[in-house]
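Following: one structure in structure tokens, then a few remarks.
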Amino acid sequence: MKHGQRILLALLFLVYFTIVYLVMWQTGISCVFLHFWGIPCPGCGMTRALCALLRLDFVGALKYNPLIFCMPYVFAYIFLDFKNRKVHNIIIKVIGILALVNWICNIFKILV
């Protein structure tokens, strides 16, 4: 992916999430997934975790969504061109598995 394409992708992400956030804020819906299906989405708690990190509350961020600590790497993977892509692909797969396990645990907490 060329540099210009990465910048465009980053801008599209930013615009998309800004629009989604504004719509959710105006409607009072905290999570569309939770609102319609009654179970938390895989990213539930990310915003609260980011706010906790900005307050340097690392334990709070971990409680809200432990995957917040993986997000810088995920964004770097998307927007940067790593030389050894094979190793990074494995790391992204591990993060994906962790996200799935975290999501199952969050659903279990709601159901129990």
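Summary table below
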| quantity | calculated |
| --- | --- |
| Positive minus negative residues near residue 87 (Lys, Arg vs Asp, Glu; Cβ under 15 Å) | +3 |
| Alpha carbon Rg of the chain, scaled by the compact-globule rule 2.2 N^0.38 Å | 1.19 |
| Residue among 98, 54, 67 with the largest mean-square fluctuation in a Gaussian network model of the chain, springs linking Cα atoms under 10 Å | 54 |
| The chain: most fluctuating residue of 51, 31, 41 per GNM, C-alpha cutoff 10 Å | 51 |
| Structure-based [θ]222 nm, the chain - -39500 (n - 2.57) summed over DSSP H runs of at least 4, per residue, nearest 500 | -24000 deg cm²/dmol |
| Where Cα atoms sit under 29 Å apart: lysine pairs in the chain separated by 8 or more or lying on different chains | 7 |
| At R0 = 35 Å, FRET efficiency that the Cβ-Cβ distance of residue 92 and residue 25 yields, to 0.05 | 0.70 |
| Carbon + sulfur, % of accessible area of the chain - ligands and nucleic acids excluded, 1.4 Å | 75 percent |
| Length-normalised contact order for the chain - Cα pairs under 8 Å, 6+ apart - percent | 25 percent |
| Residue 85-residue 112 FRET efficiency (beta carbon distance; Förster radius 25 Å; 0.05 resolution) | 0.05 |
| Near-label residues of the stretch 30-55 by backbone N, under 17 Å of a point 7 Å along Cα→Cβ of residue 104 | 40-43 |
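The values are calculated or read from the model by the stated rules, or taken from the named source; none is laboratory data. For clarity, every value in this text was computed on a predicted model and none was experimentally measured. Neighbour counts run over all protein chains shown; Cβ positions are idealised from the backbone, glycine included. With ligands, DNA and RNA removed, areas are computed over all heavy atoms of the protein, side chains included. Shrake-Rupley method; radii C 1.70, N 1.55, O 1.52, S 1.80 Å.
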